[in-house]
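Below is one structure, written out as structure tokens; the observations come after it.
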Amino acid sequence: MRSTNLYSKIGTMKLNINRSLASRIVFYVLTFCVFLFIVSLSVFYVFSKKQIKEMTYQYAETLTKNTVLKTELKLSPITKIAYNYKWIIENSHLNTDSIFGITRKIVENNPEITGCAIAFEPSFFKEKGYYFAPYTCRENGVLKTFQLGNAEYDYFVMDWYQIPASIRKPYWSEPYFDASGANALITTYSIPFYIGSGLEKRFAGIMTIDVALDWLKDIVSTVKILDSGYASVLSKNGTFITHPKKELIMNQTIFSYASEINNPELRVVGREMLKGKTGFISSTLNGVERVLYYTPLPSSNWTLVVIFPKSEMFLPLRKITFTLILLVSIGLILLTFIVSRIVAKQISPLEVFAESAREVANGNFNSKLPDIKSNDEMKNLLDSFEHMQKDLSTYIEHLKLTTSAKEKIESELRIAREIQMGMIPKIFPPFPNLPEIDLFATLQPAKEVGGDLYDFFLIDEKHLCFAIGDVSGKGVPASLFMAVTRTLLRSLAPNQLSTAVIINALNKSLSAGNESNMFVTFFLGILDVDNGTLKYSNAGHNPPLIIHPNGPTEFFELTKDIPLGLFDDFDYGEKERILLKDDKLFLYTDGVTEAEDVDEKLYSDQKLLDCVCVHTEYQPKELILLVADDIALHVKGNQQSDDLTMLSIVYYGRQNEGIN
Amino acid sequence: MKHQIAVLALFYLLAFQCIAQDLPKITFSPHWLPQAQFAGYYTAQKKGFYRAEGLDVKIVHSSASVNASELLANGTSDIISSFLISAISAKNSGLDLVNIAQLSQNSALLFVSKKTSNIKTLDDLNGKKIGVWKSGFYEVGRDLIRTKGYKVTWVPILSSINMFMVGGIDAMTVMWYNEYDQIINSGINKEELTTFLFSDYGYNIPEDGLYCINKTLAQRKGDLVKFVRATLKGWEYAKNNRSETLDIVLEEMKKAHVATNKAHQSWMLDRVLDLMEPGAKKVKKGQLSESDFNKAQNVLIDGGYIKNRIEFNAFYKPVL
């Protein structure tokens, strides 16, 4: 049961590795594709929008121009007719009654003209009275000709007469509904005329032509732009003359409409229109943003406006964009599917590699590897894996051999250490039958075996020989040299009470055949326990300390003698000093004074001196342990780099006898 | 059951119609075509205030061709609305009318000119062409110019603002609630216009009031009281329900095929309601002060439009 769980766990893990890697790759690929798509689509959209906008605007302009042309084709003949007949009136001496005929002719010959008046200034012809305005109109297809003016129809205050008469310019009236109630929209073109010549030429009246505007509605209503775009014509005062919404016609001006829909912008545009300007503007009308293109109708100074919803302009683009998004989304879904399949297939060997690696970790270097035929990174990985398997196999074999060799060496070293340690005396107190002295020593090698040594033995009943030394280097070679030195000392010392003789002989023996140029610093002393005479020789060793119980503690003087083993003919000297009762000697190797803390700060001679000075009353063993503690305190756990050797001797002198 | 309800409904309908037919009839004529200037009458009618007073009121509009005093004179209308000055003139001309209520308390007349005409102060009007309506309401403006000693060319115009728009005249007499807003609605901005309100020059003469001929007052005072009461109620309703009133006005205008738009009528309604407030004047709503009457009569006498003075009490016979 437990193993099943474990396998399923491993299986899930494998699956997770694959899935997460595959999904990560798919995620990155997809993210990039989406990003690419968004960027491309945005560029496409913005660019197309600009293009479409330009094209639509161009179309609106062209459409408007065409419509303007069409209206001009209707309006400009009216102005021409008016000009031609005005010329006739001005230049022919017409019979007043024939003027009726002219108005009739004009209406008769021009179906688009619904009425024509030639209205004269008050009492222009005495015989015709105050009002004289021959007029012909078309009523239900029948022409009616009569004199228009009378007290009730005082035409002099009518816009069609008064305004052109006042400004002395042709005037297109604001459109108005036909008085017959047929709801036909009419405009009147009025033109002033003059009679007489030279100085006698004077303003005589106004000729008018009434034009029904049903054709205008027809022309303008054919203007279609996009789905719901339309055109409208505004009068000089901004009144809607044509508009798809009937209720606006003749009721609203663009300004009242702007006020009603609370759109101050439209008012501003309206003013531009009335100034006869041409242009585009976007404005929100009835909650929809619309584009307005306006341009004047040259004859009448009215304005033609083409209006279309901005959104419609981009509707096809939106449709295309939507389709694109849809297609690309489907594409991306497919891409996701395909990429995940491809990636999953491509990285499937990784699973086998992972399993293989686990087996390798468990020690099976022949674990199964995937079968890869392609020549790619996966193949590379396979090669590396195979190589790794082989190398690991070889390495482990090698390691096995090395380890056993190392174990052997370690075991030999252990034995060597035991031997080395066996060579130095370790029984304390060493001379229980010799109450004049007591001594204690320790040797703590930095490695399994060390190059330090100390030794002590009795030459005869009253002479104690003691030595301390430090072989150059460490480890096995040093330990061998130490063993040689110690053995030589033991063989040279018997029956010899001069340290100089012993040390010179020792030097000679060590120097002979010393091809590895090893040397040993060496302090050798012979203490006469009867009288406290100490003979000593110092071959380059650290000067020992002498501790007087009631006096100062001080270092032995330095000698110029070099370490042993360097030159066989070097002559070592001997010195002598007398130890008093309770004087103590403290010998040590440089492992003591050069013990380093983590900051490579040495324990130093001074620190040793200070430590010893504080503990002068202690016996050798305690003294050495206290110094060892002080060193440990100094190094603060820093690894010991050199052998640590200390030897201390106290001289009690002969019991019950005074000492000189 | 259904039949019973139908019969009952029919009974009430017939009964109601009989009552309606039996109600005293009043024909009222506002002095111009339908517009927000007469909103109070339409609301009184529409909201049933006349009927509630027990009157069957019919509104017959006058026009450019038929003015209200003619309708009053020929008996078509029992009550008309009229300008105070026009009414005094008419009475002088022999129409035996009396003012039974004065609705407007302030003058809405002004001269307007375009700043481009370089008219900045009243003095600048001297020597200029000023448009005035041929049909009336010119007396006050002329008096103002006359008392200032300016020489101007008066250009009679029918009703449109086109002459002013094309620059055929330098200034024009207009109504604050009507033509002034038409000019604005023709694309000229307020700041491009200079205005001289007659009320600022000592001519705050009331305008619209209700008139009938003396005989009607004598014979049908009760009906007139009811009419004026319902009318004032109608105006009060209009003041408090402007949006609804505006719809009623537009409907009336549509019925009469009068071109207009909501923006303009809204402006007109607000201004006409302003004009009805007495403000600093010591007069109650609906009443005519003697000093205003005298001011109006003086304009007419000084302008030579009338010769004989009329007694205030002979002219103003309030029914309420």
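Can you tell me which residues in segment A:265-277 are within 19 Å of A:Lys310 (Cα to Cα) and exposed (fewer than 15 other Cβ atoms within 10 Å of the Cβ)?
If the condition is that a residue be within 19 Å of A:Lys310 (Cα to Cα) and exposed (fewer than 15 other Cβ atoms within 10 Å of the Cβ), then A:Glu265 is the only one that fits.
Scan segment B:56-72 and give yes if some residue there is at positive phi and at pLDDT below 95, otherwise no.
Residues of segment B:56-72 at positive phi: none.
No; the residues of segment B:56-72 include none that is at positive phi and at pLDDT below 95.
For segment A:103-120, how many residues meet the condition of being buried (at least 17 other Cβ atoms within 10 Å of the Cβ) and either farther than 18 Å from A:Ala212 by Cβ or out of contact with any helix residue (DSSP H, G or I) (no Cβ under 8 Å at 6 or more places or on another chain) (or both)?
Residues that pass the stated criteria total 6.
Can you tell me how many residues in segment A:287-307 are more than 14 Å from A:Thr67 (Cβ to Cβ), more than 14 Å from chain B (Cβ to nearest Cβ) and not basic (Lys, Arg)? So that I can check it myself, show each step before the final result.
Quick first cut of segment A:287-307, residues more than 14 Å from A:Thr67 (Cβ to Cβ) only: A:287-292, A:301.
If we keep only those that are more than 14 Å from chain B (Cβ to nearest Cβ) as well, we get A:287-292.
After this cut, where a residue has to be not basic (Lys, Arg) as well, the list is A:287-289, A:291-292.
The qualifying residues number 5.
Please verify whether A:Ala505 is in contact with a Ser or Thr (Cβ under 6 Å, 6 or more places away or on another chain), surrounded by fewer than 22 Cβ atoms within 10 Å (Cβ to Cβ) and in the same structural domain as A:Pro620 (by TED's automatic domain parsing), treating the condition exactly as stated. Spell out the reasoning first.
Working: in contact with a Ser or Thr (Cβ under 6 Å, 6 or more places away or on another chain): no; surrounded by fewer than 22 Cβ atoms within 10 Å (Cβ to Cβ): yes; in the same structural domain as A:Pro620 (by TED's automatic domain parsing): yes.
When the stated conditions are applied, A:Ala505 does not pass them.
In segment A:273-286, how many residues are in contact with a Ser or Thr (Cβ under 9 Å, 6 or more places away or on another chain) and more than 9 Å from chain B (Cβ to nearest Cβ)? Spell out how you get there, then give the answer.
Of all residues in segment A:273-286, those in contact with a Ser or Thr (Cβ under 9 Å, 6 or more places away or on another chain) come to A:273-274, A:276-279.
From what's left, more than 9 Å from chain B (Cβ to nearest Cβ): A:276-279.
Total meeting the criteria: 4.
All but one of (1) in contact with a helix residue (DSSP H, G or I) (Cβ under 9 Å, 6 or more places away or on another chain); (2) over 19 Å from B:Gly167 (Cβ atoms); (3) touching a residue at least 40 places away in the same chain (Cβ under 8 Å) hold for A:Ala212; which doesn't?
Going through (1) in contact with a helix residue (DSSP H, G or I) (Cβ under 9 Å, 6 or more places away or on another chain); (2) over 19 Å from B:Gly167 (Cβ atoms); (3) touching a residue at least 40 places away in the same chain (Cβ under 8 Å) one by one, A:Ala212 breaks only (1).
In this structure, is A:Asn495 of a type in the set (S, T, N, Q) and at positive phi?
On the way: of a type in the set (S, T, N, Q): yes; at positive phi: yes.
Considered against the rule, which asks whether it is of a type in the set (S, T, N, Q) and at positive phi, A:Asn495 comes out as yes.
Filter segment A:442-454 for residues that are of a type in the set (A, V, I, L, M) and crowded, with 24+ Cβ neighbours inside 10 Å; which is farthest from A:Thr589 (Cα to Cα)?
Of segment A:442-454, the ones of a type in the set (A, V, I, L, M) are A:443, A:446, A:449, A:453.
Filter again for crowded, with 24+ Cβ neighbours inside 10 Å, leaving A:449, A:453.
Values: A:Val449: 16, A:Leu453: 9 Å.
Residue satisfying both the conditions and the ranking: A:Val449.
Restrict the check to segment A:485-495 and report whether at least one residue is in contact with a strand residue (DSSP E or B) (Cβ under 6 Å, 6 or more places away or on another chain) and basic (Lys, Arg).
yes
Does A:Phe44 fit the bill of being of a type in the set (Phe, Trp, Tyr), at pLDDT below 90 and out of contact with any Pro (no Cβ under 8 Å at 6 or more places or on another chain)? Before you say what the answer is, go through the steps one by one.
Numbers: of a type in the set (Phe, Trp, Tyr): yes; at pLDDT below 90: no; out of contact with any Pro (no Cβ under 8 Å at 6 or more places or on another chain): yes.
Against the criterion (of a type in the set (Phe, Trp, Tyr), at pLDDT below 90 and out of contact with any Pro (no Cβ under 8 Å at 6 or more places or on another chain)), A:Phe44 does not qualify.
Which numbered condition trips up A:Thr253, out of (1) out of contact with any Phe, Trp or Tyr (no Cβ under 8 Å at 6 or more places or on another chain); (2) buried (at least 18 other Cβ atoms within 10 Å of the Cβ); (3) under 25 Å from B:Gln35 (Cβ atoms)?
Every listed condition holds for A:Thr253 apart from (1).
Just to be sure, is A:Asn150 within 14 Å of chain B (Cβ to nearest Cβ) and either more than 23 Å from B:Gly168 (Cα to Cα) or of a type in the set (Val, Ile, Thr) (or both)?
Details: within 14 Å of chain B (Cβ to nearest Cβ): yes; either more than 23 Å from B:Gly168 (Cα to Cα) or of a type in the set (Val, Ile, Thr) (or both): yes.
When the stated conditions are applied, A:Asn150 passes them.
Can you confirm whether A:Asp597 is in the same structural domain as A:Cys613 (by TED's automatic domain parsing), out of contact with any Ser or Thr (no Cβ under 8 Å at 6 or more places or on another chain) and more than 26 Å from A:Arg486 (Cβ to Cβ)? Break it down into steps so the answer makes sense when it comes.
On the way: in the same structural domain as A:Cys613 (by TED's automatic domain parsing): yes; out of contact with any Ser or Thr (no Cβ under 8 Å at 6 or more places or on another chain): yes; more than 26 Å from A:Arg486 (Cβ to Cβ): yes.
Criteria met by A:Asp597.
Hand me the list of helices (runs of 4 or more DSSP H) wholly inside segment B:207-320 holding 3 or more residues that are closer than 26 Å to B:Lys25 by Cα. I'd like the intermediate steps shown before the answer.
On the way: elements: B:214-219, B:221-240, B:242-255, B:262-275, B:290-302, B:312-315.
Once the helices (runs of 4 or more DSSP H) in segment B:207-320 are filtered for at least 3 residues that are closer than 26 Å to B:Lys25 by Cα, what remains is B:214-219, B:221-240, B:242-255.
Look through segment A:617-637, keep the residues that are farther than 17 Å from A:Ala441 by Cβ and not acidic (Asp, Glu), and return whichever of them is surrounded by the fewest Cβ atoms within 10 Å (Cβ to Cβ).
A:Gly637
Got a sec? Which strands (runs of 3 or more DSSP E) wholly within segment A:505-549 have at least 1 residues that are closer than 17 Å to A:Cys465 by Cβ and among the hydroxyl-bearing types (Ser, Thr, Tyr)?
Answer list for segment A:505-549: A:533-539.
So which residues in segment A:227-255 are among the small types (Gly, Ala, Ser) and either farther than 14 Å from A:Glu174 by Cβ or not assigned by TED's automatic domain parsing to the domain that holds A:Val306 (or both)? Write out each step before concluding.
Filtering segment A:227-255 for residues among the small types (Gly, Ala, Ser) gives A:228-229, A:231-232, A:235, A:238.
Within segment A:227-255, A:Ser228, A:Gly229, A:Ala231, A:Ser232 qualify.
Just to confirm my filter: which helices (runs of 4 or more DSSP H) fall fully inside segment B:124-191 and include at least 1 residues that are among the hydroxyl-bearing types (Ser, Thr, Tyr), within 19 Å of the chain's Cα centre (by Cα) and outside the structural domain of B:Ser89 (by TED's automatic domain parsing)?
Details: elements: B:139-148, B:162-165, B:179-184.
Counting at least 1 such residues, we get B:179-184.
Just to be sure I understand, how many residues within segment B:25-39 are within 15 Å of B:Phe83 (Cβ to Cβ) and assigned to a strand (DSSP E or B)?
Qualifying residue count, segment B:25-39: 1.
The values are calculated or read from the model by the stated rules, or taken from the named source; none is laboratory data. A quick note: this is a predicted structure, and the numbers were derived from the prediction, not measured. Positions of Cβ are backbone-derived with ideal geometry, glycine not excepted, and every protein chain shown enters the neighbour counts.
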